[in-house]
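> My questions will all concern the structure given below.
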Amino acid sequence: MNITIGDNPPDRRLVEKVLNGNTSSFGEIITNTERLVAQIVFRMVDNVEDRKDLAQDIYLNAFRNLRQFRFQSKLSTWIGRIAYNTCLNYLEKKKSVLTGNLHLENNSDMGSHATSNNPWANDSDYNSELNLYEKQRTEIVRTEIERLQPVYRT
């Protein structure tokens, strides 16, 4: 039997049902992937209303493009990729910053040091040290994220 990577018979059956006109089977696809999609959307988008709209857009895109799914990965991976790309497109349009981005002014553990109330805030050596610290910390976090399994990296 010649099975390609990611070939998953339950996924194949669900997709075939939907493509053959049984659109209610798409509800099962949604049920199987809604936690993944929610996790991606919640990590990338702050606005609650936008999250809801994006989730609808993600599943609408998945439904419209289901014929293009080639079973080279799991269906959930494919839908997760649609979710990620949909959120990226949204953020590009809104010119938003990703939630959890490591900027100095947004860091809770650094916040009190970066305020104008800090007597050293205008000291260039102090600011250089903070910037260096931030760059090192960002690099450590990125390195550790790269060590994670692909499903957790997102």
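Every number here is computed from the coordinates shown, using simple stated rules; none is lab data. Remember, predicted model here, so these are calculated numbers, not experimental data. A quick note on method: Cβ atoms are made from the backbone with ideal geometry, for glycine too, and the neighbour counts reach across all protein chains shown.
> Within the set Lys17/Lys74; Lys17/Lys52; Lys52/Lys94, which residue pairs have Cα atoms separated by over 23 Å?
Numbers: Lys17/Lys74 16 Å; Lys17/Lys52 26 Å; Lys52/Lys94 16 Å.
Exceeds cut-off: Lys17/Lys52.
> Identify the trypsin sites (Lys or Arg not before Pro) of region 29-70 meeting these criteria: DSSP loop state and at most 11 other C-beta atoms within 10 Å of the C-beta. Display every interim value, and only then the final one.
On the way: sites: Arg35, Arg43, Arg51, Lys52, Arg64, Arg67, Arg70; in loops: Arg70.
Those satisfying the criteria are Arg70.
> Next question, about the same structure. Enumerate the residues in region 20-61 having an amide nitrogen under 12 Å from the point lying 7 Å beyond the Cα of Asn85 toward its Cβ.
So the set is 61.
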